[in-house]
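Inspection log for the structure reproduced underneath, given as structure tokens.
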Amino acid sequence: MFCYQCEQTAKGEGCTKSGVCGKQPDVAALQDLLIYAVKGLSLYAVEARKAGKSDLQMDRFVCEAIFSTLTNVDFDPERFVPMIHRAVEYREVLKSRVSLDVSEGPATFVPEKTMEGLLAQGERTGVKSDPTISPDILSLQQLLIYGIKGLAAYADHAAILGQTDDKVFAFIYEAMAATLEKNPDVNDLVGLALKCGEINLRAMELLDAANTGVYGHPVPTVVPLGVKKGKAILVSGHDLKDLEELLKQSRGKGIHVYTHGEMLPCHGYPELKKYDHFFGHYGTAWQNQAKEFAAFPGAILMTTNCIQKPGESYRDNIFTSGLVGWPGVQHIGNRDFAPVIEKALALPGFAEDVAGKTVMVGFGRNAVMGVAGQVIAAVKNKAIRHFFLVGGCDGAKAGRNYYTEFVEKVPSDCVVMTLACGKFRFFDKSLGDIGGIPRLLDIGQCNDAYSAIQIAVALANAFECGVNDLPLSMILSWYEQKACAILLTLFHLGIRDIRLGPSLPAFITPNVLNVLVEKFNIMPITTPDEDLKAILG
């Protein structure tokens with residue numbers, strides 16, 4: 001196997017024996033083969049669309065298939081087999097409807113009937129399967145593919161709640177097909193990467209409309225970090241629909257529902273917080289789940305990413321839903337959460353109330369723009385000197401304490417906005433306020449990056465300047481491919497001077513990095529003191 005799509009890839013170069021994430025070589029091979037199959041399907045989908053032929057069911061499948069290969073989503077090899085075959089079936093249907101003469105590669109490959117055969121095919125179609133591709137071209141192709149993986153994830157989240165846009169699907173096919181070109185042009189690949197950022201902005205807009213349209217705009221909400229005596233269910237991941245259905249089905253059964261990881265911001269949505277058994281937040285970010293899940297005395301539901309290998313002490317108590325999978329873990333495929341509820345009732349739950357800290361969530365674009373006048377006045381009278389967006393993915397790799405120390409050292413006349421699981425490095429810090437404006441504003445999940453962008457755009461409009469001219473600095477952390485898509489969106493918007501860490505992507509070559517530095521002045525984080533001095537003077 002060879003995989004270098006996440007920030008924690010082995011030695012900063014690539015995982016070759018097994019994934020640092022827990023991905024085994026068989027899953028790596030099947031994921032590579034699935035991406036290969038989707039590329040073949042995409043060749044014909046592009047031609048079909050030229051003739052006005054599209055299929056929403058196929059479009060949804062392609063997003064699900066690509067999303068399933070994102071880091072920490074699906075580790076179950078058996079679940080990839082039908083997706084590979086289905087991708088080829090769709091390809092063959094399209095092939096019968098269009099005129100396109102391609103006689104090799106993913107356009108014609110036939111999946112083997114045995115698992116052993118599929119694994120052999122996957123090993124021949126991986127990232128470095130073609131030694132004739134130059135390192136820089138491969139780097140740009142993988143940057144594009146990883147951006148598409150993040151885009152597909154956001155598109156799938158939005159589609160679950162009824163929001164789709166055909167141009168999102170059209171671009172996915174266009175871009176996947178473009179990675180098969182024999183002699184691609186560097187400028188064309190850079191252009192496609194930036195277009196991926198543009199289309200991802202639209203996908204995030206759809207997701208924002210979906211979440212706020214169904215559940216209301218988040219409102220500032222105090223969330224307890226303690227626990228209530230009684231039976232308990234813990235929900236992790238990102239999926240609001242799964243949480244809503246679980247809340248409906250568990251209502252009146254004497255069970256308290258807690259969030260974990262990136263589900264924390266769900267407490268701010270009016271249509272979710274109305275459930276009186278939706279109590280508080282338990283634990284921190286995804287990489288701490290082995291310890292935190294082992295100590296949780298109830299049932300656990302993992303939606304979307306990010307799952308890790310379940311420990312023996314809680315393996316029988318954890319369930320997956322949606323695209324998430326782990327071999328031997330019970331999967332809920334139809335949002336009938338009766339097994340989860342039954343497990344929660346059978347487990348002891350918490351023996352007593354335990355008080356804890358509280359945190360504030362719900363500072364999405366609607367809430368922040370609601371006090372825009374107050375914020376603008378504070379900037380003009382110099383009560384607020386600078387804004388920092390400190391967010392992104394968390395992870396286990398050394399160096400991420402940088403973000404904790406950075407926030408702790410941010411001067412008292414500055415505001416920190418945050419989103420995604422990177423916030424758990426400092427989410428419970430008491431930073432106080434500036435004239436009633438909290439100095440720590442939790443905008444939401446990584447899925448809420450659109451909200452952060454709109455806040456920045458609104459501030460720029462208010463001050464009649466560009467986003468790059470605002471007293472705003474972005475200090476970002478990355479781990480997986482949603483972060484790649486967001487970064488491409490920021491590039492598309494022309495955002496400069498982003499500081500990225502804890503390390504730069506292994507799939508970015510020095511030459512490609514030089515292009516990004518020249519165009520956008522992206523830079524690695526250094527130390528909190530050095531970076532704050534460089535930003536604030």
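The values are calculated or read from the model by the stated rules, or taken from the named source; none is laboratory data. Note that this is a predicted model, so its numbers are computed, not measured. Note that we place each Cβ from the backbone using ideal geometry, even for glycine, and neighbour counts take in every protein chain shown.
Please enumerate the residues belonging to region 510-537 that are within 24 Å of Gly395 (Cβ to Cβ) and either basic (Lys, Arg) or buried (at least 19 other Cβ atoms within 10 Å of the Cβ) (or both).
Val512, Leu516, Ile522, Ile525, Pro528, Asp531, Leu532 - these are the residues of region 510-537 that are within 24 Å of Gly395 (Cβ to Cβ) and either basic (Lys, Arg) or buried (at least 19 other Cβ atoms within 10 Å of the Cβ) (or both).
Given (1) in contact (Cβ under 8 Å) with a residue 40 or more places away in the chain; (2) more than 19 Å from the chain's Cα centre (by Cα), where does Ser313 come up short, assuming only one miss?
(1)
Would you call Leu419 touching a Phe, Trp or Tyr at 6+ places or on another chain (Cβ under 8 Å) and either modelled with pLDDT of 95 or more or in the same structural domain as Gln287 (by TED's automatic domain parsing) (or both)?
Taking the combined requirement at face value, the residue does not satisfy it.
From the residues in region 343-396 that are charged (D, E, K, R) and crowded, with 23+ Cβ neighbours inside 10 Å, which one is nearest to the chain's Cα centre (by Cα)?
Filtering region 343-396 for residues that are charged (D, E, K, R) and crowded, with 23+ Cβ neighbours inside 10 Å, the one nearest to the chain's Cα centre (by Cα) comes out as Asp394.
Scan region 253-266 for residues that are in contact with a strand residue (DSSP E or B) (Cβ under 7 Å, 6 or more places away or on another chain), buried (at least 24 other Cβ atoms within 10 Å of the Cβ) and not β-branched (Val, Ile, Thr) and jot them down.
Those that are in contact with a strand residue (DSSP E or B) (Cβ under 7 Å, 6 or more places away or on another chain), buried (at least 24 other Cβ atoms within 10 Å of the Cβ) and not β-branched (Val, Ile, Thr): Tyr258, His260, Gly261, Met263, Leu264, Pro265, Cys266.
When you go through Asn187, Asn211 one by one, which is the residue that is part of a helix (DSSP H, G or I) and surrounded by 21 or more Cβ atoms within 10 Å (Cβ to Cβ)?
On inspection, the qualifying residue turns out to be Asn211.
Mind checking which residues of region 35-57 are among the polar types (S, T, N, Q), more than 16 Å from Ile84 (Cβ to Cβ) and either within 26 Å of the chain's Cα centre (by Cα) or not assigned by TED's automatic domain parsing to the domain that holds Leu70 (or both)?
The one that is among the polar types (S, T, N, Q), more than 16 Å from Ile84 (Cβ to Cβ) and either within 26 Å of the chain's Cα centre (by Cα) or not assigned by TED's automatic domain parsing to the domain that holds Leu70 (or both): Gln57.
How many residues does region 293-335 contain that are in a loop (DSSP other than H, G, I, E, B) and aliphatic (A, V, I, L, M)?
Residues in region 293-335 being in a loop (DSSP other than H, G, I, E, B) and aliphatic (A, V, I, L, M): 4 in total.
Looking only at region 326-375, which residues are among the charged types (D, E, K, R) and under 21 Å from Gly432 (Cα atoms)? Outline the logic, then answer.
As a first pass, look at region 326-375 and keep what is among the charged types (D, E, K, R): 335-336, 342-343, 352-353, 357, 365.
Lys357, Arg365 - these are the residues of region 326-375 that are among the charged types (D, E, K, R) and under 21 Å from Gly432 (Cα atoms).
Working only within region 279-292, note down all residues that are crowded, with 24+ Cβ neighbours inside 10 Å and either assigned to a helix (DSSP H, G or I) or hydrophobic (A, V, I, L, M, F, W, C) (or both).
Ala285, Trp286, Gln289
Which of the helices (runs of 4 or more DSSP H) contained wholly in region 446-537 include at least 1 residues that are more than 30 Å from His238 (Cα to Cα)?
449-462, 510-520, 528-536
Inside region 66-106, can you point out the residues that are outside any loop (DSSP other than H, G, I, E, B) and free of Cβ contacts under 8 Å to residues at least 40 places away in the same chain? Walk me through how you get there before you give the answer.
As a first pass, look at region 66-106 and keep what is outside any loop (DSSP other than H, G, I, E, B): 66-67, 74, 77-95, 105-106.
Listed by number, the residues that qualify are Pro82, His85, Arg86, Glu89, Glu92, Val93.
Return a yes/no flag: does region 358-371 have any residue that is assigned to a helix (DSSP H, G or I), polar (S, T, N, Q) and touching a residue at least 60 places away in the same chain (Cβ under 8 Å).
Scanning region 358-371 turns up at least one residue that is assigned to a helix (DSSP H, G or I), polar (S, T, N, Q) and touching a residue at least 60 places away in the same chain (Cβ under 8 Å).
Just to verify a result, which residue in region 397-407, among those that are assigned to a loop (DSSP other than H, G, I, E, B) and either of a type in the set (A, V, I, L, M, F, W, C) or on the phi > 0 side of the Ramachandran plot (or both), is surrounded by the fewest Cβ atoms within 10 Å (Cβ to Cβ)? Working first, answer last.
In the first step, residues of region 397-407 are kept if they are assigned to a loop (DSSP other than H, G, I, E, B); the result is 397-400.
Next, only the ones that are either of a type in the set (A, V, I, L, M, F, W, C) or on the phi > 0 side of the Ramachandran plot (or both) stay: 398-399.
Details: Ala398: 9, Gly399: 13.
It comes out as Ala398.
Can you list residue pairs whose Cβ atoms sit under 9 Å apart, with the first residue in region 144-164 being under 25 Å from Pro184 (Cβ atoms) and without any contact (Cβ under 8 Å) to a residue 60 or more places away in the chain and the second being part of a helix (DSSP H, G or I) and not polar (S, T, N, Q)? Count only pairs 6 or more apart in sequence or on different chains.
Leu144/Ala175; Leu144/Met176; Leu144/Ala178; Leu144/Leu189; Leu144/Leu192; Leu144/Ala193; Leu144/Cys196; Leu144/Leu488
Across region 107-129, which residue is surrounded by the most Cβ atoms within 10 Å (Cβ to Cβ) among those that are part of a helix (DSSP H, G or I) and of a type in the set (Asp, Glu)?
Checking each candidate, the answer is Glu123.
Only one of these conditions is not met by Arg251: (1) touching a helix residue (DSSP H, G or I) at 6+ places or on another chain (Cβ under 7 Å); (2) in contact (Cβ under 8 Å) with a residue 24 or more places away in the chain. Which number is it?
Arg251 satisfies all of (1) touching a helix residue (DSSP H, G or I) at 6+ places or on another chain (Cβ under 7 Å); (2) in contact (Cβ under 8 Å) with a residue 24 or more places away in the chain except (1).
Name the single residue that is modelled with the highest pLDDT among those in region 346-392 being among the polar types (S, T, N, Q) and in contact with a strand residue (DSSP E or B) (Cβ under 7 Å, 6 or more places away or on another chain).
Restricting to residues being among the polar types (S, T, N, Q) and in contact with a strand residue (DSSP E or B) (Cβ under 7 Å, 6 or more places away or on another chain), the top hit is Thr358.
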